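Only the coordinates and a few stated rules stand behind these numbers; no lab work does. All figures in this text were calculated on a predicted structure; none of them were measured in a lab. Because the Cβ atoms are built from the backbone with ideal geometry, glycine has one as well, and the counts that use them run over all protein chains shown.
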Amino acid sequence: MPEPVIGLEIHLAIRTKSKMFCGCSAESFGLEPNVNTCPVCLGLPGSLPVTNQAAMEKAVRFSLALNCRVPELTQFHRKHYFYPDAPKNYQISQFDRPVGEHGWVALEGGRRIGITRCHVEEDAGRLVHPAYADHSLVDLNRAGAPLIEMVTEPDLRTPEEARAFLTHIQAVARALGVSDASPEQGKMRADVNVSLRNADGSFGTKVEVKNLNSFKSVAAALEFEIKRQQRLLDDGRAVAQETRGWNEGGQKTYLLRSKEASADYRYMPEPDLPPMVLEGAWLEAIRSSMPELPQAKRERYRALGVRAEEAELIAFDVATSAFFDAATAAYEPAPDGAAQRIANWLIGDVAGLLNERGGTLEAVGLRPEALAAMVRLIDEGAISGKIAKEILPEVVDGEDPEAVVERSGLEQITDEGALAGLVQRVMEANPAVVESARENPKAINALLGRVMKESRGAARPDAVRRLLNERLGQVPEE
């Protein structure tokens with residue numbers, strides 16, 4: 001099968017209070033239609049745009065994070081197209097002088113994906129299609145909201161790689177505070193371009209797929225489109241250059257229109273906005289204020305001894321990485337493996353409990369110091385992992401783990417005399433199990449389980465196993 005050649009066009013809603021060229025609120029999600037509009041974003045005659053400086057700063061920050069070259073001069077253009085949700089019948093965008101170009105992103109494993117450009121533009125409105133109606137409605141709350149459009153080189157090769165790339169870009173945007181990057185709210189959208197490489201190594205005919213509202217949809221659309229193009233080629237037919245939509249219910253692409261070229265948009269310099277000079281001191285101030293990026297965090301966590309999978313899960317989530325950093329800092333000096341154990345609890349039991357409750361780390365009372373203290377109690381043998389799971393809901397609600405253990409009487413039993421008495425009582429109460437354990441050494445686990453149950457999980461398991469082996473006259477298995 002010919003090799004797929006994939007490029008992405010990603011739109012990110014820039015996190016600002018106001019729109020790109022007017023003072024209207026940039027928020028649109030969940031609002032009544034057409035409440036955040038004014039003559040500028042409605043494109044009324046006589047209205048004039050003014051550039052949102054905060055949006056430009058965040059676009060520069062994002063471009064620098066993707067290793068783009070940021071030019072000394074950037075400029076806005078008018079991109080003409082006629083859609084019902086484009087009130088001006090053109091879009092203020094950037095053409096040959098974008099805010100960033102010629103960058104790259106390194107995926108896990110080191111392979112680089114080229115970034116052709118990052119440019120700033122205004123968003124269009126949104127069409128609403130009432131069920132069983134013969135008309136559509138237009139909501140212009142989103143019209144004029146600031147966007148970054150990022151275009152990759154055709155360097156991606158599989159649907160899974162495209163999905164991983166989107167996850168990386170989302171993490172970078174959130175870490176920088178550039179965008180909420182939430183696909184479910186329309187704040188991160190992606191179009192894909194895909195072709196199959198020709199037998200001589202050249203690129204095949206490119207097809208664009210639009211209307212993809214999740215990373216899962218991107219991967220599914222690519223899988224379908226790769227198979228569709230392969231079937232055409234196998235049948236001796238040509239792949240047409242076109243724009244296709246994605247039918248989520250049918251899990252297939254469908255024809256929208258023939259693909260436009262750059263000339264079809266009739267770009268012209270925006271006459272109401274002069275070119276912007278990006279001064280060196282301003283750029284340097286942005287560069288020096290850049291936070292640690294997810295990739296760097298991932299490598300730092302791995303240096304702490306955290307496994308690759310957990311390191312990436314934590315590093316690529318802003319709230320989780322901030323919590324993890326605070327928790328590991330609170331456990332100092334920490335023994336070997338403590339960072340991994342904190343990571344296990346954070347993305348395992350804690351995440352599971354939050355998922356059950358429908359909550360987030362920011363919305364609950366769990367403190368990083370409390371999680372670190374609980375892991376320390378386990379490491380020091382004061383409590384077992386089973387007891388830690390019992391007290392976790394209270395710790396997540398803001399309780400101090402030491403106080404919960406003391407109040408509940410759940411301290412781990414480590415006293416040899418107390419453990420010996422406990423083991424003796426269990427063996428006397430379960431003679432049949434004792435006899436079975438004498439004949440089959442593996443059956444000792446049944447006795448161990450009964451001792452742990454009798455102690456409500458407070459007995460130290462390794463000490464209990466040793467005492468059981470001594471009483472049964474067995475040599476522990478290596």
Leading residue at positive end of dipole, the chain (Cβ point charges), from A429, T167, Y267
Y267
Computed label-point distance, nm, for sites S182 and E299 using a 7 Å Cα→Cβ extension
3.3 nm
Taking the square root of 5λ for each eigenvalue of the C-alpha gyration tensor of the chain, the equivalent ellipsoid has semi-axes, largest first and in whole angstrom, of 56, 27, 22
Determine, at each q value in 0.11, 0.22, 0.25 (inverse angstroms), the log₁₀ of I(q)/I(0) that the Debye formula gives when each Cα of the stretch 40-143 is one equal point scatterer.
-0.48, -1.12, -1.28
Any idea which of Y301, Y331, L361 is furthest toward the positive side of the dipole for the stretch 294-408, if Lys and Arg beta-carbons carry +1 and Asp and Glu beta-carbons -1?
Y301
What is the spread of the Cα atoms of the stretch 81-231 along each of their three principal axes, largest first, in whole Å?
47, 40, 29
About its Cα centre, what dipole magnitude does the stretch 344-478 give when the only charges are +1 on Lys and Arg Cβ and -1 on Asp and Glu Cβ, stated in debye to the nearest 20?
500 debye
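Stretched out fully, how many nm does the piece from E108 to A133 gain, at 0.36 nm a residue minus the Cα gap?
On the way: separation 25, 0.36 × 25 = 9.00 nm, distance 4.79 nm.
Residue separation times 0.36 nm, minus the Cα-Cα distance, leaves 4.2 nm.
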Along the charge dipole of the stretch 4-285, Cβ charges K/R +1 and D/E -1, which of A285, G204, G43 sits furthest on the positive end?
G204
Using modelled amide H (1.01 Å from N, peptide plane; none on Pro or chain starts), what sits under 5 Å from the amide H of L278, excluding residues fewer than 5 places away?
L73, T74
In sequence order, what are the phi-derived ³J(HN,Hα) couplings for the stretch 289-296 according to the Karplus relation 6.51 cos²θ - 1.76 cosθ + 1.60 with θ = phi - 60°, rounded to whole Hz, with x for glycine and proline?
9, 5, x, 5, 8, x, 4, 5
Likely footprinting exposure, F324, F203, F224, fewest C-beta neighbours within 10 Å first
F203, F224, F324
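Would you list S321, S288, S436 from fewest to most Cβ contacts within 10 Å? Mind dumping the intermediate values first?
Working: S321 23, S288 7, S436 15.
With the sparsest Cβ surroundings first, the list reads S288, S436, S321.
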3J(HN,Hα) from dihedral phi, the stretch 53-68, Karplus parametrisation 6.51/-1.76/1.60, rounded to Hz, x for glycine, proline
5, 5, 5, 5, 5, 5, 5, 5, 4, 5, 4, 5, 5, 9, 6, 7
How much length is gained on full extension from E356 to D462, taking 0.36 nm per residue of separation minus their Cα-Cα distance?
35.0 nm
Any idea what diffusion coefficient the stretch 416-472 gets from Stokes-Einstein, in µm²/s, Kirkwood Rh on alpha carbon pairs, 4 °C, 1.567 mPa s?
119 µm²/s
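Charges at C-beta only: +1 for Lys and Arg, -1 for Asp and Glu. How large is the resulting dipole of the chain about its Cα centre, in Debye rounded to 20?
On the way: 56 positive and 70 negative charges, 214 e Å.
Once rounded to the nearest 20, the dipole reads 1020 debye.
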Suppose the chain between E160 and A429 were pulled fully straight at 0.36 nm per residue; how much longer would it get relative to their current alpha carbon spacing?
91.2 nm
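If each residue's Cβ is checked for other Cβ atoms within 10 Å, how do E399, E292 rank with the fewest at the top? All intermediate terms of the calculation are to be shown ahead of the outcome.
Numbers: E399 18, E292 12.
Least to most surrounded, the residues fall as E292, E399.
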